[in-house]
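First the structure, in the form of structure tokens, and then the observations on it.
Here, each number is a calculation from the coordinates, and none is a lab measurement. All of these numbers come straight from a predicted model, not from anything done at the bench. Neighbour counts run over all protein chains shown; Cβ positions are idealised from the backbone, glycine included.
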């Protein structure tokens, strides 16, 4: 495993992390908690020191699984960096039946403080390494309250660092926020993969300017960049990919993926997934990539992406 300094936080983290949305038991179809915990154990065993989750993932279930694994290992390792997110108030929906997680944005000081306190309880931690505003629209981010909340949470010692999970496909639109709030922002999470490179236009240069830690999410395009899907692949009603990889979108993505097949074939020592993951961290502005992993085998494959050594300039545009 390779490691890097996570921007101005000064903390050392692994360049391949663990994204904990997929193990939450919601939005990705059926999951197995024991298998999920084995995946987290494997991530730590592989030298992965960065875990990304969110309070809304499984209505807190993802955070609980992480906590259970840490308890089984005798406590949180000193080098483990845990990042979570808040801003979608799911609490009114607990114990009610929903196919996918409902949206209920609340970025008030009151709610974000409550949400962090609940996350700390579920994770059995006294302080959270990083809290990220969970992909709010720009109209919310133009308000002062979310930023006041982040400053207060830092001041109160509930979080060490503050971040923004940038709304998908709004990378340029929200880039001005780095100029306005770089004093409180320590990190950014962005949608970034070899097919979706909009963050390179404005956002990533600003992130480098302000030395922000950058987390790359959706690096495998919901699994599409592993090469395991076909044009006929379909997803269940309890899986968000029924929309995010609809038949029309999937067909378009596969057409583009096939055009890059010769590039992937040049590096046959690695899988398509490993090469795709390595793309994100080959960008000097990016520090860590957070693929999901529902099984130890998937985690082991993801971790080996750290061994891929392809210069950023050699990756094709497609």
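Numerical summary
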item: Gain upon complete extension [residue 266, residue 33; 0.36 nm per residue less C-alpha separation]; result: 80.1 nm
item: Whether region 91-198 is rounded, prolate or oblate, judged on the alpha carbon gyration tensor where a/c under 1.5 counts as rounded; result: oblate
item: Rounded Å value of the spacing that divides the Cα centres of region 92-111 and region 30-49; result: 26 Å
item: Span per principal axis, largest first, for the Cα atoms of region 38-166 (Å); result: 42, 37, 23
item: For 50, 270, 318, order by how many other beta-carbon atoms lie within 10 Å, fewest first; result: 318, 270, 50
item: Gain on full stretching of the segment that runs from residue 71 to residue 309 - 0.36 nm per residue minus C-alpha separation; result: 82.2 nm
item: P(r), alpha carbons of the chain - 20 Å bins starting at zero, rounded %; result: 34, 62, 5
item: For 287, 181, order by how many other beta-carbon atoms lie within 10 Å, fewest first; result: 181, 287
item: Exposure proxy ranking, count of Cβ atoms within 10 Å, fewest first, for 128, 245; result: 128, 245
item: Alpha-carbon centroids, region 159-214 and region 254-318: separation in whole Å; result: 21 Å
